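The block underneath contains the structure these notes are about, expressed in C-alpha cells.
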Amino acid sequence: MSLWGNKDLVYSDGTITVNLTTKKVVRVGTSATFDTAGIGTGNVISVGAGATYGYAIITAVDSASTLSIASTAGFVSGLTTVPATTYSISQEPLYVLGDSHYRAPESKTVGYSTSPVFTGVFGVDEIEVGVATATKYAVAHSGWVGVTTYIDMDGNLRVKSEVLVAGGISTATANDADDDARYADS
C-alpha cells in the first residue's frame, strides 16, 4: 500500500455517527454501502462539513454499515460520540493528519486574528490547476495541496498554498471532491 492515493473523493454517501470509545463509524439509514464502495484500509475519513468533528484513518471495512478507525486523536476533544453528520473519504496523504496546521477543524480563529482562518488539503488535478491559474487559488503544481485562507487587516482575502505531494490526481469527475468553489473542473 502506498502512503497516499490519487482520489480526493472515494465515497461520501449518506450520514454517519462515530463512537469514539469503540472507534467505530456507523452509517445512519440505508444509503451507505461501505463494503462495495471501494473504501480501503488507509483511506482517510473526514467527519462533518469541513471536517468540523475531525479526521481518522480507516483500518477496516467491517460491513456494509460499519468502518473501524485507527485513532481518535484527530477528533475535536471532549467528545465520546459524533452525532449523525456528513462525511467524506479520500486517499489524501496520511502524514497530513499529523500536521497541526491542517488538523481539524478546517475553519478556526488563530493567533491575534478575529477573522476565521481556513485550512484544508485538496487533491488538485491538472485541469483544476489550469482553471485556478487566473484566481487567488492558483497553485504551483497538481497533487495534494495544502491551502490556508484568511482576511488581512485591509479586508482582503489572502490565499497561501503549498504542494504537499506533487503528482497526478485523477481527473475523473467521480473522484473529485466537492471543492469546485476553489478548484473548478472547467
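The values are calculated or read from the model by the stated rules, or taken from the named source; none is laboratory data. This one's a predicted model, so the numbers in the text were calculated from it and none came from an experiment. Methodologically, a virtual Cβ is constructed for each residue, glycine included, from the backbone with ideal geometry; neighbour enumeration extends over all protein chains shown.
Observations on the structure shown:
- The test for being at pLDDT 95 or above and surrounded by 13 or more Cβ atoms within 10 Å (Cβ to Cβ) holds for Val26.
- Matching residues, the range 140-169, being closer than 15 Å to Thr119 by Cα, under 19 Å from the mean Cα position of the chain (by Cα) and without any contact (Cβ under 8 Å) to a residue 40 or more places away in the chain: Val145, Val147, Thr149, Tyr150, Val159, Lys160, Ser161, Glu162, Val163
- Here the range 50-59 is the region considered, the condition is being surrounded by 15 or more Cβ atoms within 10 Å (Cβ to Cβ) and of a type in the set (Gly, Ala, Ser), and the residue that is nearest to the chain's Cα centre (by Cα) is Ala51.
- Scan of the range 15-45 for residues that are under 19 Å from the mean Cα position of the chain (by Cα), assigned to a strand (DSSP E or B) and of a type outside the set (S, T, N, Q), ordered by number: Ile16, Val18, Lys24, Val25, Val26, Arg27, Val44, Ile45
- Yes/no for Ser31 being surrounded by 15 or more Cβ atoms within 10 Å (Cβ to Cβ) and of a type in the set (Ser, Thr, Tyr): no
- Scanning the range 35-47 for residues that are modelled with pLDDT of 85 or more, farther than 19 Å from Gly123 by Cα and touching a helix residue (DSSP H, G or I) at 6+ places or on another chain (Cβ under 9 Å) turns up nothing.
- Residue list for the range 139-164, restricted to those being under 14 Å from Gly120 (Cα atoms) and in a loop (DSSP other than H, G, I, E, B): Val139
- Within the range 71-124, restricting attention to residues that are of a type in the set (Phe, Trp, Tyr) and in a loop (DSSP other than H, G, I, E, B), the residue that is modelled with the lowest pLDDT is Tyr112.
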